[in-house]
1. Quick check on my filter: what residues within the range 131-145 are touching a Pro at 6+ places or on another chain (Cβ under 6 Å) and open to solvent by less than 20 Å² (accessible area, probe 1.4 Å)?
2. Are there any pairs with C-beta distances below 8 angstrom linking a residue in the range 264-276 that is more than 18 Å from residue 13 (Cβ to Cβ) and without any contact (Cβ under 8 Å) to a residue 24 or more places away in the chain to a residue that is open to solvent by less than 40 Å² (accessible area, probe 1.4 Å) and assigned to a strand (DSSP E or B), with the two at least 6 apart or on different chains, and if so which?
3. Please go through (1) without any contact (Cβ under 8 Å) to a residue 12 or more places away in the chain; (2) under 28 Å from residue 40 (Cα atoms) for residue 221 and return the number of the only condition it doesn't satisfy.
4. Hey, can you tell me all the residues within the range 256-309 that are surrounded by fewer than 18 Cβ atoms within 10 Å (Cβ to Cβ), at pLDDT 95 or above, assigned to a helix (DSSP H, G or I) and charged (D, E, K, R)?
5. Give the residue, chosen from 98, 123, that is closer than 30 Å to residue 198 by Cβ, at pLDDT 95 or above and in contact with a helix residue (DSSP H, G or I) (Cβ under 7 Å, 6 or more places away or on another chain).
6. So for the range 99-119 (the condition being aromatic (Phe, Trp, Tyr), open to solvent by less than 10 Å² (accessible area, probe 1.4 Å) and touching a residue at least 12 places away in the same chain (Cβ under 8 Å)), does at least one residue qualify?
7. What tally of residues in the range 173-189 results from selecting those that are open to solvent by 10 Å² or more (accessible area, probe 1.4 Å) and in a loop (DSSP other than H, G, I, E, B)?
Amino acid sequence: MERSASVPGTANPAAAFYAANAPARALGASLRLLDRLAPAWGTRSALRLFFTPLPWKLAARRPLPAPWRQQFWPFESVRLACYRRSDIAPGRPTVLLVHGWAGSAAQMLHLADALAAAGFDPVLLDLPAHGRSGGWRSTLPQFARAVFAATARLGPLHAVVAHSLGALAALHAAARGLPVQQLVLLAAPAPPAQFLDWFVGSFGLPAAVSTRMRRQIELREAVDLAEFEPGWLGPRVAQSCLLLHDEADRVAPLAAGARLAESLSDARLHATRGLGHRRILEDTGVAEQVVAHLQMGGRQTAAMARPER
C-alpha cells in the first residue's frame, strides 16, 4: 500500500474544522479513549465521522430559482438530485457541474448561469448524502461513481466543472474513461490518504488509525486510494484541464493544486488571490476564465472535425 506524498509546507487544514470548538475537542477525547480500549471500534467510529458531511445536508438545502428545474435519478441505494434549466433548447454542449464535500449544487449556480449565458447546457448535481440527494454518508470513490452515473444519463459531456473533492472525483472518473472533452478543477484538494492523516491528527489520534481507516475504505470501496494520487492520475488523463486555486485556500492548499497541474499532460494552473476556498465559485473573473477555457475547447473540437479542403 503506497503512502501519499505529503503536501509540503502545509499546516493541518482539518484541524481548523474538526478541532475548532469545544464539542469537536470533546469528540476527539472520546475517539482517543475508544481507540485505546477497543481499536476496532475506534476505527469504525472514526470512519463514520469521516464519511459524514458536516454540517448535515439539511443545512445546505436551498431552492434554486426559476428557470432551474429539479429531477431525480436512481443511483445505488439512493436518489441523485440534479438541476437543469427549462429555457435551454436541446443541442447545446453539456457541462456537468460538481460540488465538493459538505457542499451542494446551489454553490455552483453562479458558474452554471454564466455557462448558460455563454451557450452551454449546464447541469447541476447534488452528490450522494448532499443537498437533496439521498443518503447521510458518502465517500470519494462514490462521488466518482456518481459522476459516471450522471454522465450515463446525459451522454458524452463537453466538460465537467468541479470544486474541491468533486474535482478529485471528476479527475479520477476521467482517468477511468469518462467521456468528457475538458475539465475545470477549482480548489482541487490533497489526495485522500493525506487528508486521512490530517483528519486523524486533528483529533490527536495515533497514526495507526489512519492506516486502519485507509485499509477499511479500500476494502469497502474496492479501490486503492493510490488511484487518487497525482502520480496515478496524471498519466491517465489526456483532457485539457484548467485548474483555478486561491493562494490563501486554507481547506485545499495551493500546493495540492500545483502538484496535480504538474502531473497532467495538458493543464494550466491559475492562482487567484483573496477568494479562499468557497468564494472562488462566486467570482465573476473566475467564471469568465471557465467560460473562455470551455469555448476555446469547443472551437478546437470543431476545427478538428472540419474536413480539409
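The values are calculated or read from the model by the stated rules, or taken from the named source; none is laboratory data. Keep in mind the model is a prediction, meaning the values are calculated, not measured. For neighbour counting, all protein chains shown are included, and Cβ atoms are generated from backbone atoms with ideal geometry for every residue, glycine included. The area values use the complete protein model at the heavy-atom level, side chains included, leaving out ligands, DNA and RNA. Shrake-Rupley method; radii C 1.70, N 1.55, O 1.52, S 1.80 Å.
1. Residues of the range 131-145 touching a Pro at 6+ places or on another chain (Cβ under 6 Å): 135, 138, 140, 142.
Matches in the range 131-145: 138, 140.
2. none
3. (1)
4. 262, 279, 282, 288
5. None of the other options fit; the residue is 98.
6. no
7. 4
Listed here are the residues, each with its yes/no results for (1) out of contact with any strand residue (DSSP E or B) (no Cβ under 9 Å at 6 or more places or on another chain); (2) of a type outside the set (S, T, N, Q).
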residue: 193; (1), (2): yes, yes
residue: 214; (1), (2): yes, yes
residue: 221; (1), (2): yes, yes
residue: 226; (1), (2): yes, yes
residue: 244; (1), (2): no, yes
residue: 272; (1), (2): no, no
